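What follows is calculated from the coordinates using simple rules that are stated; it is not laboratory data. Note that the coordinates shown come from a computational prediction; the quantities given were computed from them, not determined experimentally. Backbone-built Cβ (ideal geometry, glycine too); neighbour counts: all protein chains shown.
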Amino acid sequence: MNHKTGWGLIGASTIAREWMIAAIRSQPGNAVAAVMSSDAARGAAFAAANDITASYTSIEELLADPAVDAVYISTINELHAKQAIAAAAAGKHVLCEKPLALTLPDAHAIIDACRRAGVVLGTNHHLRNAASHRAIRALVQDGAIGQPLFARVFHAVKLPENLQGWRINSPAAGAGVILDITVHDVDTLRFILDAEPVEAIAMTPQATLAAGAIEDGVMAVLRFGNGVLAQLHDAFTVEYAGTGIEIHGSAGSIVGRNVMTQQPVGEVVLRNGKGEQLIAIEHGNLYERSLAAFDAAIRGAGAPAASGADGLRSLAGALAVLESARSGCSVAVAAA
Ligand code: NDP
């Protein structure tokens, strides 16, 4: 294997430290070449702690480093678009965190910039890499529950103390639970149902953790183009709810427990006239699978697990939920 990919990390972030550096290094020929942080001391400390050769304070320096072939963007949400477009213009492949951008025009601009530059663009929606969600999708596609009619997503968690920063206090950074968690729900449902959300209605509670008008919880219903109604419950404020997803169809139900998580865990049960069947699942690291697919795409052998278009569609669904919660009206999800 002669193929080598040097990665530049844009953002000295928690997700890079906890998951993505190891995921990059898990792929043969892939290495972390540099990190960019707005804070020189924090960037240098991050580089030293994670055994990364170069640390920069500007994206221009990082993009000018010949050891960087691809970038992983995990800065605060408002910066994703500008940084992804700059990376594409420099000829670097782009794996960008969700939400891809804060607005649909910006998400389109990222996709256009990567297409023009001929570089690979992926959105790091990790959940579609989970063996649990892949098993649920296969069951639905195989007709195991007949016609899918309803879905329920349980994704209410307690935001860890070390992440109680921009997500709950900085509207400009793209804060709030909807751009953080709902966007993942939308992608996961699109993936499982192979359908697009067309309409959203949502309510948010009085915030107890987030500042000002930032939402720290939401209950929403999405109507999908295939007729499925999906109920979502997302929060930063509850510790013991547990996570899960259910797909209910005309001939059976699928129940995924503890599956809306970064960890390769959880169980999937198929329930129908024959009783309950625990589905055999071979769990594997979600982020390593994301990297493997992206790396293959760079070599022209496949596509990222979630594309730029997937990032655009999940953002469109999340923005419709946000607008509905603010307006009190049901909102059509913007078409592609
Ligand atoms: P962090 O808050 O850890 O990092 C975001 C930015 O905050 C960094 O780019 C860094 O800026 C700055 N920062 C980090 N640590 C500190 C600190 N101690 N003091 C001051 N500033 C700091 O965010 P996350 O890692 O939680 O999220 C980053 C992105 O990844 C978001 O877009 C989020 O939506 C996404 N995400 C995706 C997940 C997934 O599973 N797909 C899971 C978690 C997050 P600088 O760039 O200047 O170094």
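Its residue count N sets the reference 2.2 N^0.38 Å, and the alpha-carbon radius of gyration of the stretch 130-247 equals 1.12 times that reference. Each of the peptides 251-259, 298-306 was scored by the mean count of other Cβ atoms within 10 Å over its residues; in descending order, highest first, they stand as 251-259, 298-306. The calculated FRET efficiency for the pair Ala67 and Asp112, based on their C-beta separation and a Förster distance of 22 Å, comes to about 0.20. Every Cα-Cα pair of the chain was included, and the share exceeding 34 Å stands at 22 percent. Over the Cα atoms of the stretch 244-305, the radius of gyration divided by the Kirkwood radius equals 1.13; this is the Rg/Rh ratio. Spin-label pair Arg25-Glu239: with each label point 7 Å from Cα along the Cα-Cβ axis, the two points sit 3.2 nm from one another. For the chain, a crude dipole built from +1 on the beta carbon of Lys and Arg and -1 on the beta carbon of Asp and Glu, taken about the Cα centre, is about 500 debye to the nearest 20. Note on Trp19, Trp7, Trp166: ascending count of other Cβ atoms within 10 Å places them as Trp166, Trp19, Trp7, the fewest first. For every helix of n ≥ 4 consecutive DSSP H residues, a contribution of -39,500 (n - 2.57) applies; sum these over the chain, divide by its total residues, and give [θ] at 222 nm rounded to the nearest 500 deg cm²/dmol. Helix contribution divided over all residues of the chain: -9000 deg cm²/dmol.
If you plug the beta carbon distance of Arg299 and Ala44 into 1/(1 + (r/R0)^6) with R0 = 30 Å, you get a FRET efficiency near 0.35. Rounded to whole Å, give me the distance from the Cα center of the stretch 223-276 to that of the stretch 127-149. Going from one Cα centre to the other spans 10 Å. Here the Karplus relation 6.51 cos²θ - 1.76 cosθ + 1.60, evaluated at θ = phi - 60°, turns the backbone of the stretch 322-336 into coupling constants of 4, 5, 5, 4, 6, 8, x, 10, 6, 10, 6, 6, 4, 6, 5 Hz, with x for every Gly and Pro.
Centre-to-centre separation between the Cα atoms of the stretch 11-64 and those of the stretch 67-112: 16 Å.
Here the Gaussian network model covers the chain, with springs between Cα atoms less than 10 Å apart; of Thr208, Thr182, Thr57, Thr208 fluctuates the most. In a Gaussian network model over the chain where Cα atoms closer than 10 Å are linked, find which of Leu291, Leu322, Leu163 has the largest mean-square fluctuation. Comparing Leu291, Leu322, Leu163 in a Gaussian network model of the chain, the most mobile one is Leu163. When the Cα positions of Ile73, Thr103, Phe150 are compared along the charge dipole of the stretch 37-150, Phe150 comes out farthest toward the positive end, with charges on each C-beta of Lys, Arg, Asp and Glu. Ordering of 71-82, 270-281 by packing is 71-82, 270-281, highest average first (other Cβ atoms within 10 Å, averaged per residue). Using the Cβ-Cβ distance between Lys274 and Trp166 with R0 set to 41 Å, the FRET efficiency from 1/(1 + (r/R0)^6) comes to roughly 0.25. In the stretch 5-125, the convex hull through the Cα atoms has an average projected area of 6.6 nm², a quarter of its surface area.
Of all DSSP beta bridges in the chain, what percent run antiparallel (nearest 5)? Antiparallel: roughly 60 percent of the beta bridges in the chain.
Ordering 43-56, 118-131 by mean Cβ neighbour count within 10 Å, with the highest value first, yields 118-131, 43-56.
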